Each structure stands twice: as C-alpha cells, then as structure tokens.
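The block underneath contains the structure these notes are about, expressed in structure tokens.
The values are calculated or read from the model by the stated rules, or taken from the named source; none is laboratory data. All figures in this text were calculated on a predicted structure; none of them were measured in a lab. Note that each Cβ is placed from the backbone with ideal geometry, even for glycine, and that neighbours are counted across all protein chains shown. Heavy atoms of the whole protein, side chains included, go into the accessibility calculation; ligands, DNA and RNA do not. Shrake-Rupley method; radii C 1.70, N 1.55, O 1.52, S 1.80 Å.
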Protein chains: 4
Amino acid sequence: MRLSIEVALEYTLREPADILLQIEAAQMADQRLEHQSLTIWSDHAVTATAGEDNIGQRCWVRADHALIARYEAIVAIDRPAVALRSLPATPVRMLAGPLVPYLLPSRYCESDKLEGFVRRTFGGLSGGALAAALVDWTADNLRYEAGSSVGMTTALDTFGMRTGVCRDYAHLLVALARAAEIPARCVAAYAPDVHPSDFHAVTELWLDGGWHLVDPTGMARAEEIARVCVGRDATDIAFMTVFGDAQLCRQSVRVARLDALA
Amino acid sequence: MRLSIEVALEYTLREPADILLQIEAAQMADQRLEHQSLTIWSDHAVTATAGEDNIGQRCWVRADHALIARYEAIVAIDRPAVALRSLPATPVRMLAGPLVPYLLPSRYCESDKLEGFVRRTFGGLSGGALAAALVDWTADNLRYEAGSSVGMTTALDTFGMRTGVCRDYAHLLVALARAAEIPARCVAAYAPDVHPSDFHAVTELWLDGGWHLVDPTGMARAEEIARVCVGRDATDIAFMTVFGDAQLCRQSVRVARLDALA
Amino acid sequence: MRLSIEVALEYTLREPADILLQIEAAQMADQRLEHQSLTIWSDHAVTATAGEDNIGQRCWVRADHALIARYEAIVAIDRPAVALRSLPATPVRMLAGPLVPYLLPSRYCESDKLEGFVRRTFGGLSGGALAAALVDWTADNLRYEAGSSVGMTTALDTFGMRTGVCRDYAHLLVALARAAEIPARCVAAYAPDVHPSDFHAVTELWLDGGWHLVDPTGMARAEEIARVCVGRDATDIAFMTVFGDAQLCRQSVRVARLDALA
Amino acid sequence: MRLSIEVALEYTLREPADILLQIEAAQMADQRLEHQSLTIWSDHAVTATAGEDNIGQRCWVRADHALIARYEAIVAIDRPAVALRSLPATPVRMLAGPLVPYLLPSRYCESDKLEGFVRRTFGGLSGGALAAALVDWTADNLRYEAGSSVGMTTALDTFGMRTGVCRDYAHLLVALARAAEIPARCVAAYAPDVHPSDFHAVTELWLDGGWHLVDPTGMARAEEIARVCVGRDATDIAFMTVFGDAQLCRQSVRVARLDALA
C-alpha cells in the first residue's frame, strides 16, 4: 500500500537556536520512498545525519527568527501482517549488543518497576504469546484521551492513570515488554486513520530475530505504518528538539492512503 | 485482649541532634494503657507533644552522643471485628475538614495517579464493599519481601513492583482508597505475629462515620493492633526522625499476647 | 489597609460531582472580614467545614452540570511588617505537635533532598537570618515565567529548572526552609499587584513563636496579603478540587486596594 | 602507564538466570590490553557481544545456581592529559547522529531539568571553559559519602542532596554537561586510588571532536583510567545485570599501577 504524507511546521523563535528535526520517513526494505521532499526556509545550511540504530535521518537546522518547514513524501509500504502470537521466544542471552539497551529501563519506560506486575500477570507465557498478551492488555486497559498526559508523564504514571495518548500507549507497552525480557523500542511514524491527524508514536517488539511493528492504540495496522525514526522512548524520537525556545504557530500533519487513487 | 510491648533502641550520633520519637502506644477508647514506661537516657529534658490528629504523643529528645531508649507497655485492646464489606458509603461532600487531607495525595501515596485504575477495576462498587475489594486486591497482588523497597519507594512504585514490606502495603492501600474517594491514613502500630518482629505499619479507612483498622499484609487482625500514631503516610508516622545523623547499634521490638497468661 | 476581592468561577461538568472550594478569605486576628458574600448556584446544599489548621473554611458543593460561583469580600488587614532577619532561632525540639508536619517533606516539597544544599550554602546561619537568606536566595535564583511548570512539578524540579510561577516559588521556599529546620507552610491568598491577576500562593515561616507571611515572588508585601487557607503544599490549598471532571469556562480574580478610596 | 586489574565475583542464584557481565577492559587506541583473562565457571556457553558505541564487550552468561567469575588484565594506557579549559566549543548542529543521544536526558540524568541552573550559573561560558567549570562545580559542591545514595537516586536528587558516590558524581556531571549542550556519557572503568577499591564510574565529555575522560570525584586522573564500557547512564554501564535474582557472596576489585614494578 502507499501513503501520501504532508507536513507543515511553523514556529517562531525569540533567539537563534539549533533545532533537530526528525520528520522524514525512513528508507527501509519494507517501506520504500517513491517521492520525498523536505523544504526548510533558513539562511543557514541544513545538515543531515543518521538516525538512532541507523534508521532514517535527522536534520540539524539553524534558525534565526523562525522555523518554517514543509515535508512531502509518498511511501510504498510492503510489510506483511505478522501473527505475533505464533512467534517463538528468544532467551535474552542470545541478543546481540545493539539490542541490549532495548531490554533496559529508560527515561520514560521504567521497566524495572513493572517486572513484578508482568511476572504475576503473564507468568506462564513467553515469546509471541507473551508479546500478544501485553499488546492486548495495553489496548484493553488504557483509554485514549487527548490532553490526559504531559511531557513528564512516564510509563509507570500511565500504568496507574490508565489514560494517555499514543506516546503513553507506546511507553507503557515498551516498558511492559522490557519487563518481560522482550526487547522493545519506540517508533515515530506516519499512519492514516490517526485522529486527530498528527505525528504518531508506536512500538517495535523484537521477536524471532526481527523487529515487529505494533500500534497499541489500535489506530494503525502494522502494514500501514511508515517509520520515521526509532529509539528508547520519546526522548529519542521527538519530531523536533529545540536547543533554545520556540513557539508553535502552525503545524499540520496529513497522511492518506493512495491506493484508492492509484 | 492484652498486648505486652517491649522496645529497645540504641543509636549513636556523631554530633548532638534533636530527635523525634513516636514509639508510645496511644491512649484511646479502644486501646487502654494498663502500664507504660518510656525511659530515655539523656542529659537533656524530654518534651512530649501531641501526635497527628491528637492521637498518641511524640517525644522530642536532645541527644549528644547516643540515643538509648527503652519502652514497655501493656495495652488492653477492646475493639470488635468489623465487617467492612457491609458498611455504607459516605459521599465526600459529607466529610468534615479534618478528614479532607486523607482524601488527597501525599508524599508517598500518589492517589491521583491511581484514579484511572481504581475507576476501571472497581467501578461498580462503593462504601464498604469497595473498601473490602481494595483490601483484598492489595493482599492478593503484593508479595511480602524484606528488603524489596527503599525509603524513596512510593505507592505507585509498589503498584508496579508488586512487592514490599508493611510500609509499602499500607501506602498502596491508602493510595487506592483515596483514589476511590475513601479517606485513608497510615498508622504506626504494634501487633503480635509480625515477622520479623518490628514496628508495624497498617492503615485506617474512614467508613460509616468512623476509622476502621486494616492490615493489608494480613499479619495482624484489627482486634489485636495497638496504634502508636497516625498520619498521611510514612513521613508522619516514622518511629524516629533524626534532625542530624544517627547510626543504628541495636534495635528490638517484642510484642506478645498476654491473654494466655492472664 | 483594605482589600476588595471579587472572584467569578464558571465550570461545566459532564457528570455530577462533589467539589471542594477554598476561596473565602479567612477570618483571623490580622485580617478582618468587613464584608463577604459567596454565592454558589446549585440545586444542592452547600456545606462549610474547617480549613487546615482551623484557618479559614472550605465549602463542599454538589454540582450537576455546572459550577457557577461568585465571591466578594472586603478585608481589612492589620499586620505589621516584620524584619525576619532579626528573629531568633527556635530549636526543633521546642516545636509543638501541630508544627511537626511543617518540618517534614510533603508531596511537592521534598525537603529531605535539599538538606545537603542548605547545609552547604547556608551553614553558618540560623533563625531569622537563615530564613531571610532563603527568601533572598529563592527570589534571586528563580525567574517567574507563566506556563513554565505543570501540576506534577515539584520543589526539586524547580530547584533545577530555576523558573516557575507563584506555586513553584512557594514550594521551593517551603522545601528549603524545612530542610533548614524552619517550619514552613503554603498559603493560598489574595493580594493586589499579582500579575496576571489570579489566586496567589505564598508561604509562612515559623520563627520566634509565630507564623510570618512571605511572598518569595516579591509581588506581594506581607502587610497586603489576605490568607484563604494553609497547608503542607499545593495539595492542601488548591482553590478547587473536583472529585470528577470539570472544564473551565471562565474564571476571574480581581483584588484591589481600597485605601485610596476610603 | 600500566594497570594490573583483578576482579573476583561470586553470586548465588535461587533459580537459573541469564546474566549480562560488563567487566572486561575495552581494547582501544589509548588503552592496550597486554594480557587479559576472563574465567567464568558455568555449564553453559558464554557469548560475547559488542558494547554500547562498539566500545568493549559484554558477556552473556547463563548460570544455574551460582555465578563465579574471575577477571585479570594488564592494560597499558597511553593517554595524554588534556587541558579541557582550552578546547573550543562545537555548536550542537555540528554533532553527528551517534552523539545526539548524549545531548538528551536519560533515565538517571534529567538534563532538561538542569538547563535553567546551567544557564544562570555558567551563562557566559562555552566549550572547554564551560566544561571545566562544570567539572569544578561538581567536585566542589558534592561530598563523597559511601551509602548516601540508592539505585533509584537520579542526578536531580544528587543536585539537591549534594552527596553521593562515583555513580552520582558521574550522573550529575553528565546531566549538567548535557544541559550545557555538551555531549556527555557515563563510563564504567578501572582506576587505581579508588577507595574503597571497586568498579568505578566516570564521565566522558565531547569537545573539539573527541571524547575526553573526566573523573568528577577527583579520585582518578584521566591518564590512569581503563574504560570498560560506555553508555547514557548507570543503566547501560552496570558491571552486572541479572535477568532474575542473585545474591552477593563475595566481590573484590583490585587495581594497581605496574609502572613502579616495571
């Protein structure tokens, strides 16, 4: 299937600042960029650099008074739906070095504090059956509510509050999976059917030797997600990190299926 | 029934310090002090002052090099067992001012972050039936494990970790009850059958116009608990708060039923 | 001096809820209510109950669809300016029971974590000189910035971030004072010259046998503050606590000096 | 200079567990392994995998009842002392992708909450002068005290408490540096003169195109430190992470200079 993506950002700055943008869909085997253009109005050179785990890229932008950016892409996604439930378990001792951080707690995903809950609640399960149970649990036990969390909200907070937005769903599923000894990372993504239309955050779980996309909010199917970048949690995958102060003027994200049109 | 209580404390100090002790069983209608003696070896006067909610008393002690204290008491407890489950609910708007703090989050009891869980899990219940369900949930979902928590551990941590000691059980039940709009406070107490023998922490839930003692660890029955003091959480009910530094040398707490001997 | 106070609140509710209001100026020796009227549009009875430390009063309101309230008062304040700096120190062991909680850490004031900083930075000082140094330090090291904090922000956060609103200034000063063994509480208040005009939060420090009002933001002078209620931190002194969900429609707070008119 | 390193670990397990060990000195340009041997008594194969940032290696060990390991190495360190103070600043927008995480907050290093303090206190400085000022500030404002922190202690906690062990010094310096827009990572290391002798934690700051070792405790000079592994904070660089439960029986770390003997 193919996605059309259009993003417009407009921010003002009181003082010149360096800005890290992560908004470009990543070129990957299962998501091919048919077309892509990122336009940034700036008097300064824009520098691209590798994303976390060498997935996608980040842009460093220097902005004096404003950041105005426009991004357009058409992404062809060819990713089969996978039945998580049937995937075998991998003992942690088989995991290569680059996966190790995804087993450990991170800033917003205090997986160490959820081990007790996971052990008690999902004790007999392993591998894909365990992963699927964690996904179901997250979907069943959280309520999506715009504005119900803030930047400081962590997975443990969400575990108690039982409400959140996509970021909170992703954090909690990631924390639960790590507590269950399943490597898990957060993924910034574009997907259709995200309401209200915005940058989206989903998760990837490592099972049977590969990463598997899961959207615990249930808004996006794995076959329709275009990854932007990955990381330990929201810290790594923010679409924009400003080293200074910026005020939002206007921001829009539009994602549409093209297949119907093709 | 009657309890015999013997406490010995021995601490050393590098520098003189003021110390707040809360180790005396409180004189109350349902627990009568038949005998009590608190001996503190100090060159300075000891000052007694009222405990929180005017329950029990605290002692201010000035110690130069060491704090050595011995406490002995015989407490006659006359408190009927109450079936929480049958008690009616009280709307929060009927609660008098002194109860209000016990509806609110406190340092170690982040009840605001547990409201979502409580609403989802115990939605149809109210009053004593709700309280009893929270007590059962706490008892069923935590595992008692010495050394599994630290001083910084909060109710939300315990909610994720699912292990703790008496203090953590009390914090979690208190936080759940407040999230359920049931006033709840922490109680420092003596009780037989606490293993290892030590100062104990339990809870009181306000239902049907009165406070009801509950030990969510299940170690003590409400009819056999001698209260020392009450408060919002461990902050208020610590048996010893040192305004300086003290090192433990020796500490023992012995609590025995006297009835067999009577 | 005399203050005129006018407050209007308008909130809507999706479902009926109990609401705790703390917006009435407290009747106290140093602030006399010349006129006061609180009007709440409700089909249910309003219940008044004592405020924390028996200062001021709280109202319990039952609201079905909306909370609409109007409060007007004229308060005559007769409170001499006090030079904190000259007040003698009181050893903690001289403090009566009701003051003890104000020495201890609370939900938003983690004074235990600031003891090291206080000892290092203000080591030689005590009593009023210490208190004055803490007030000056807070005023000098924080920057007032609307929107720079959220409900979860604690004194320790503010200590690092060095920005905040009145609530954060109050929390940090209270935490520093407790770390310095000076009892400190938070005070909800009305004051002129608060910009933008709103409910205000200040502090009281216990020195020389009495509470002394201090506004660490520097916006209000102690002689011009009308207390509403007191407590350990923002948990206790919120002007409105909703046991349910409420959405703000309109809210205004106007406070003016009447002396010029008199 | 050359270091001799001897480590002995002995832990018991109630149940079989996977264990991640990071105790081998890393082979790097400025620290050459002259001799190294790691012996692990286990019935299962040991798997080595790359460390974070491809520095050093981790071992996965499967243990049934106990983990017994012995490590010996001789490391020749050839690393010139660098005067941090004279190094030029690098704007963040010049930083390559792999450095970006070291600009961001992490689990134990809440650099976002320290930006206000850093801006106020070190406002006029940049580059090496700023870095040197942060190192000096950390060394001057913390007191080393064994047992003064726990596993949950974060950089912000240490910033308030002003005491800690090597881990806390490293966390705080890393957090301050990131708040100052200087990439910073934590380093597990061996060094002589660490008292009591133990695994050590230090920091690396990125300046002028390279990483520079700094020990904010002042116990080790950069020219005498043998790195084991690097990471965002203590989460990544733990010498042992047990996916299960292990009890310490015996552990010793001995590090000595060999030069005198050579």
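More than 19 Å from A:LEU95 (Cα to Cα) and within 14 Å of another protein chain (Cβ to nearest Cβ): does that describe D:ALA17? So D:ALA17 does not fit the description; no. Is at least one residue of the range B:35-47 within 11 Å of chain C (Cβ to nearest Cβ), in contact (Cβ under 8 Å) with a residue 40 or more places away in the chain and either surrounded by 15 or more Cβ atoms within 10 Å (Cβ to Cβ) or acidic (Asp, Glu) (or both)? No, the conditions are met nowhere in the range B:35-47. Residue pairs whose Cβ atoms lie under 6 Å apart, sitting 6 or more positions apart in sequence or on different chains, and linking a residue in the range D:89-111 that is within 7 Å of chain A (Cβ to nearest Cβ) to a partner that is in a loop (DSSP other than H, G, I, E, B) and open to solvent by less than 10 Å² (accessible area, probe 1.4 Å), are D:SER106/D:ASP233; D:ARG107/D:ASP233. Taken across the range A:25-33, residues that are closer than 18 Å to A:ILE225 by Cα, within 14 Å of another protein chain (Cβ to nearest Cβ) and at pLDDT 95 or above do occur, with at least one present.
Could you list, in sequence order, the residues of the range C:9-34 that are within 21 Å of C:ASP245 (Cβ to Cβ), in a strand (DSSP E or B) and open to solvent by less than 30 Å² (accessible area, probe 1.4 Å)? Those that are within 21 Å of C:ASP245 (Cβ to Cβ), in a strand (DSSP E or B) and open to solvent by less than 30 Å² (accessible area, probe 1.4 Å): C:LEU9, C:TYR11, C:LEU13, C:ALA17, C:ASP18, C:ILE19, C:LEU20, C:LEU21. When D:THR121, D:THR163, D:THR138, D:THR158 are screened for being open to solvent by less than 10 Å² (accessible area, probe 1.4 Å) and without any contact (Cβ under 8 Å) to a residue 40 or more places away in the chain, only D:THR158 passes.
A quick yes/no check of all residues on (1) in contact with a helix residue (DSSP H, G or I) (Cβ under 7 Å, 6 or more places away or on another chain); (2) away from chain B (no Cβ under 14 Å):
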position: A:CYS59; (1), (2): no, yes
position: A:LEU114; (1), (2): yes, no
position: A:ARG119; (1), (2): no, no
position: A:LEU142; (1), (2): yes, no
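Conditions tested, residue by residue: (1) more than 20 Å from A:ALA73 (Cβ to Cβ); (2) among the polar types (S, T, N, Q); (3) surrounded by 15 or more Cβ atoms within 10 Å (Cβ to Cβ).
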| residue | (1), (2), (3) |
| --- | --- |
| A:GLY209 | yes, no, no |
| A:ILE225 | no, no, yes |
| A:VAL242 | yes, no, yes |
| A:ARG250 | no, no, no |
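Residues in the range B:61-81 that are within 9 Å of another protein chain (Cβ to nearest Cβ) and open to solvent by less than 20 Å² (accessible area, probe 1.4 Å): 1 in all.
Among the residues of the range B:218-259, those identified as farther than 30 Å from C:LEU103 by Cα and touching a Leu at 6+ places or on another chain (Cβ under 8 Å) are B:ALA222, B:GLU224, B:VAL255, B:ALA256, B:ARG257, B:LEU258. Closer than 30 Å to C:ALA246 by Cα, more than 13 Å from chain B (Cβ to nearest Cβ) and either of a type outside the set (Phe, Trp, Tyr) or surrounded by fewer than 23 Cβ atoms within 10 Å (Cβ to Cβ) (or both): which single residue out of A:ASP168, A:ASP233, A:ASP198 fits that description? Exactly one of A:ASP168, A:ASP233, A:ASP198 is closer than 30 Å to C:ALA246 by Cα, more than 13 Å from chain B (Cβ to nearest Cβ) and either of a type outside the set (Phe, Trp, Tyr) or surrounded by fewer than 23 Cβ atoms within 10 Å (Cβ to Cβ) (or both), namely A:ASP198. The strands (runs of 3 or more DSSP E) located wholly in the range A:196-262 that include 1 or more residues which are of a type in the set (Gly, Ala, Ser) occupy A:200-207, A:210-214, A:226-231, A:246-257. The set of residues in the range A:48-57 that are of a type in the set (Gly, Ala, Ser) and either more than 8 Å from every other protein chain (Cβ to nearest Cβ) or open to solvent by less than 30 Å² (accessible area, probe 1.4 Å) (or both) comprises A:ALA48, A:GLY51, A:GLY56. Entry remark, the range D:5-27: residues being charged (D, E, K, R) and in contact with a Lys or Arg (Cβ under 8 Å, 6 or more places away or on another chain) number 3 in total. State whether one or more residues within the range B:176-185 are more than 18 Å from B:ASN54 (Cα to Cα), within 11 Å of another protein chain (Cβ to nearest Cβ) and open to solvent by less than 10 Å² (accessible area, probe 1.4 Å). Scanning the range B:176-185 turns up at least one residue that is more than 18 Å from B:ASN54 (Cα to Cα), within 11 Å of another protein chain (Cβ to nearest Cβ) and open to solvent by less than 10 Å² (accessible area, probe 1.4 Å).
Only one of the numbered conditions (1) small (Gly, Ala, Ser); (2) touching a residue at least 12 places away in the same chain (Cβ under 8 Å); (3) closer than 26 Å to A:LEU142 by Cα is not met by B:ALA133, and that is (2).
Over 11 Å from B:GLY160 (Cβ atoms), touching a residue at least 60 places away in the same chain (Cβ under 8 Å) and open to solvent by 10 Å² or more (accessible area, probe 1.4 Å), is that true of A:VAL150? No. Among the residues examined, D:ALA188 does not qualify as more than 11 Å from the chain's Cα centre (by Cα), crowded, with 16+ Cβ neighbours inside 10 Å and touching a residue at least 24 places away in the same chain (Cβ under 8 Å). Scanning the range D:121-133 for residues that are within 14 Å of chain C (Cβ to nearest Cβ) and in a helix (DSSP H, G or I) yields a single hit, D:THR121. Among the residues making up the range C:211-223, those that are among the hydrophobic types (A, V, I, L, M, F, W, C) and open to solvent by less than 30 Å² (accessible area, probe 1.4 Å) are C:LEU213, C:VAL214, C:ALA220, C:ALA222.
Residues being modelled with pLDDT under 95 and small (Gly, Ala, Ser): count how many of those fall in the range B:67-85. Final tally of qualifying residues: 2.
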